[in-house]
Each structure stands twice: as C-alpha cells, then as structure tokens.
Amino acid sequence: MTTDSSHASPLAPEWLALPEDLNALQSPMWAAGVEKNDAGEVAIDGISVKELKEQFGTPLFVMSESDFRSRARAFKDAFDAAFADICGGVDVYYAGKSFLCTAVASWVAEEGLRLDTCSGGELAVAARAGIEGRNLGLHGNNKSDAEINRALDMHVGRIVVDSLDELERVAKIASSRGETAKVMLRLTPGVHAHTHEFIATAHEDQKFGLSMAEDSTEEAGLSAAEEAVAAATSYSSIELLGLHCHIGSQIFEPDGFAVAGEKLLRFLSAMQSKYSIVLPELDLGGGYGIAYTPVDTPRPPAEIAQAMAAVVRSTCAELGIAAPRISIEPGRAIVGSTTFTLYEVGTLKTVRVDAPGGDAEQENVTYPRRYVSVDGGMSDNARPVLYDADYSAILASRSSTAAPQLSRVVGKHCESGDIVVRDVYLPADVAAGDLLAVPGTGAYCWALSSNYNYLARPGVVAVRDGAARLIVRGETEEDLLNRDMGVANV
Ligand code: LLP
C-alpha cells in the first residue's frame, strides 16, 4: 500500500522517513540481482528467500557472488583509471577482516585484487585458498613472532609494521632467518575521519601506528615515524617499501583521504631527501562508506579515486617527486552491500512509549513501538550493539497491504541491548513465520559473530548465475560442543 503521513510515528528518529512503498526494495542498500518477484517475495538471482530458507535454514547470510566480483572490479578499474598516468595503476588489497573465507579470497584474486590480512588465522585462510604470498599484506598492532614467521614463510608482499618495537622484532626475525622482510610503516597522519566529516587535528591517542607528531619520541624533534624510517633503513634485513595510513571507516567524503594522502606524500618526500632513499609505495588504507539505511549516500569508486588522484598528482608535482605506487584497502565497500541476512520472525509484542522530548502538553500520551523478534541477533550482527549502527529491514517472504508500523527488530539473546534494527517501518501484519531480510550485512557481521548463549553461527550462501551454494556452512550443535572437554575431564 502507499503510505500517508498519518502512519508516521513520533518515536521514529528524524532521519527515518516513512517509505512510499513498504514492499519496495530501497536502493542502494541491496546487492545487484536482489528484487521482488511476482509473488512479492524477495529473490536473489531469481531464487526466492523461501527457497533459501527451505534449503539452508535461517538465520542465513545471503551473498551475491556476482555483486561481490563487480564491486571488487569496480574499485580496481576506477582506481587504475584515475591513477594510470600518475603511477601506472593502483594495487587494491581487499581488507579480509570485513569478511573472509576461502571462496571470497579466491574471487578477490580472480578479479585482480590482492588481500589484506591482519592475523595468522587470516593468513591461514589465504594459504588454504592458494593466494600467492606476494599478493598478501599483513597488518596488526601486536603481531606475534609466530605470525611474523608465518608471513615470512609465505613470502608475503608486505608486512605493515605498526610500531618501533615491532620494527626491531621483524628485523631480528628476518635476520635470524637470513632473509629480508618487505616492510611498510603504518603512520598516524593526525587525520581522523568520520562518516560525514574529518578532523584534521592530532588523533594520537590510539593504539595504531607511528605518530608523525614531531615530539612523539624522546629524542627531541624526531617523530616516531621518522625514527622508524631511519631505523628501517639501517637494518639490512628490512626492505622499506614505503608508508601506510588508514584514517577510519564508513567515510563518505573523500576529503579526509586527500588530506592524509597529501600529508604522507610530504613526509615521504622529506624522508627520501633526508635519508637518500626511495620509498616506492604509499598505501592510503580503506574506509569507504556504504548505505545501511536509505539516507546514507555512498560515493561511487570513480569519484573517490579521482579526488584522491588529483591530490597525489598535484602534491607530487609540487614536491617534484615521482609518484609512489599507490595502494588502497577497501573492505566494507566491496563486501558490505553484497549480502543480506535472512531471519524468521518469532515473538511479537507492542509496548507503549512516552512521547519523546518530554513535551509537557503531551504528558500521558504514549505511542506504540512494536518489537519483532527474529531467530538470530547480536551473535550474527554485533554492530548495532558495538557501534550504535543503524540498519534497515524488509518483509521478505510476501507483500503486504497493511499500514506501516514503527518496529524494532530484536534478536533472541538474553540481553536487552540485543537489537538488529533499531527503527524501521514494517507492515503492521508482520507475523510469526514471516521472513525478514536485513541488507548491508556483508561486512563485519559474520566476521564479528559469536556463540553467545550457545547460538550456532549462521552459514553463508553465495548466489551466482541463479544457483545458491554454501561457502561457509552454518554451525551445528555438535560444533558448539566440539571444544567442550566433557565431564570426564573435570
Ligand atoms: N585497512 C586497515 C589497516 C584497517 O584497519 C581497516 C579496517 C581496513 C583497511 C578496512 O576498512 P573498511 O574499508 O572495511 O572500512 N568493525 C568495525 C570496523 C573496523 C574497521 C577496522 N579496520 C565496523 O564494523 O564498523
């Protein structure tokens, strides 16, 4: 049905507009290939959510493989094109922390991207997927000796060193192996970007990276970043490839990337002159934002790429240096929108809530908020709890002509903060057994999932060319008990 303003709830946050059509999928939150079929069900590549539920159960992560591949390629193509005349193209490292399994790692490689890892476990997935070491990067602020050794065993293309302490450790380990470690230095450029803004003041008070602030080491006037460059050039077991920064996540405006890029280039140029070295690479990290709700406005990769290329081009010209080879590390912007989570609705309840804002005239006026419980929750999507993240949802298993009702989609955990979608208009007739789909769950949902309350983590289904297959199976009760040593061992 078409909605009218009388259905709007005063409890809804300001940004949440009443959708014109509750049955319509609102772009750009959904993967390409997701649509409503003639029966009014959400379908992906022609496969309806009911079929998916029947075959794989719920909750379920449903990922479009074709969409993943085309988003990965879009980043690679857009950045290659924008930087072609500057440094011959860009190396795009997919940030595996956002979502990683062997199938995804192999798609990344097939689409011409590299893979950014940040633990021994992620390296293990890359190895299992057959990714060549030279196409891997290893991050982390606290890499263990075992992880550093593993990276060297795998001949990873770059270890991104996070601290002076670690630089020394990598140098020692490589030296004891009679090898040279390829290293980049992660710097904190003092640019802290957030979704709609960036703050170009020092953001030093965090665990990552080497500070570029002049007074950041005990040696007067030398920044930790410079001290690391000087040290790296003095170790014969270190090949210093260049510099790296990552300014934050879910960022829409390209300005923050540009400011950080310029700052790193100036530093890179100064270091090249001062230490008579060449730093051939510069990585500008990831962090490009996606749409979780209809009001989010992600930028197309080409727009971001051109903005960043313009700054690299002009700064290098001004400094009179050859541009280093640029790399980036998008995670969320590649995988986030490829996936929706499919849930089954269970318990429903409606509560009456006071008017917001404490309006005296509205005293004693209450409004309904409906709680729609689904069969997953904070164990498959911790982002609302961790970051107050907003999501959206649609009734996926049928169309409805009922009026919109402000709803809160919650999970089944023993925790009142267990919210999946804080505020969404859903048809008033949503009932137990209906299926809900929550878009934009490809990044940092499965990756952050847990077994809280002994819930089994959902599987991940990939859909391509009209066929669905599991790329990660869901956990079973047996899996849940697998590591429990049993009463005999107590
Ligand atoms: N490179 C580095 C060094 C990073 O630390 C990250 C993310 C990325 C690349 C990829 O960022 P992306 O393009 O995916 O935004 N769990 C949080 C996000 C944590 C991001 C950690 N680092 C969330 O769910 O919002």
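The values are calculated or read from the model by the stated rules, or taken from the named source; none is laboratory data. All values derive from a computational prediction rather than experimental measurement. In this analysis, Cβ positions are derived from the backbone assuming ideal geometry, glycine residues included, and neighbour counts consider all displayed protein chains. These accessible areas exclude ligands, DNA and RNA; they are computed on the full protein's heavy atoms, side chains included. Shrake-Rupley method; radii C 1.70, N 1.55, O 1.52, S 1.80 Å.
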Taking every DSSP beta bridge with both residues inside the chain, roughly what % is antiparallel (nearest 5)? 50
Using the Cα gyration tensor of the stretch 1-85, with a ≥ b ≥ c the square roots of its eigenvalues, what is the shape: rounded (a/c below 1.5), prolate (a/b larger than b/c) or oblate (neither)? oblate
Portion, in percent, of the accessible area of the stretch 89-330 that falls on carbon or sulfur, probe 1.4 Å: 49
Show that you can apply the helix-only estimate: for the chain, add -39,500 (n - 2.57) for every DSSP H stretch of four or more residues, divide by all residues, and state [θ] at 222 nm to the nearest 500. -8500 deg cm²/dmol
Grab the Cα-Cα distance for SER314 and THR233, subtract it from 0.36 nm times how many residues apart they are, and report the gain in nm with one decimal. 26.4 nm
With the convex hull built on the alpha-carbon atoms of the chain, volume per residue in Å³ sits at 188
Stretchable slack from GLU51 to TYR371, in nm (0.36 nm times residue separation minus alpha-carbon distance): 112.6 nm
Explain nothing, just the number: relative contact order of the chain, from Cα pairs under 8 Å at least 6 residues apart, as a whole percent. 20
Provide Rg over Rh for the stretch 89-330; use the alpha carbon set for both Rg and the Kirkwood Rh (inverse mean inverse pair distance). 0.95
Specify whether the C-alpha gyration tensor of the stretch 303-373 places it in the rounded, prolate or oblate class, a ≥ b ≥ c being the square roots of the eigenvalues: rounded for a/c under 1.5, otherwise prolate if a/b is larger than b/c and oblate if not. oblate
So who's got an amide H within less than 5 Å of the one on THR350, skipping anything under 5 residues away but keeping other chains? H placed 1.01 Å off N, in plane. TYR371
For a quick size check, give me the Cα extents of the stretch 22-64 along its three principal axes, largest first, whole Å. 26, 21, 18
Based on the alpha carbon coordinates of the stretch 354-427, what radius of gyration and maximum Cα-Cα distance (Dmax) apply, in Å? 14.3, 42
Unsatisfied cross-links (Cα-Cα over 32 Å) in the set LYS172/LYS263; LYS76/LYS172; LYS97/LYS412; LYS207/LYS274; LYS182/LYS263; LYS53/LYS207: LYS76/LYS172; LYS53/LYS207
So which trypsin sites (Lys or Arg not before Pro) in the stretch 102-179 end up in coil per DSSP with only 16 or fewer other C-beta atoms within 10 Å? ARG177
Give the accessible surface of the chain per residue, rounded to a whole number of Å², with probe radius 1.4 Å and ligands, DNA and RNA excluded. 42
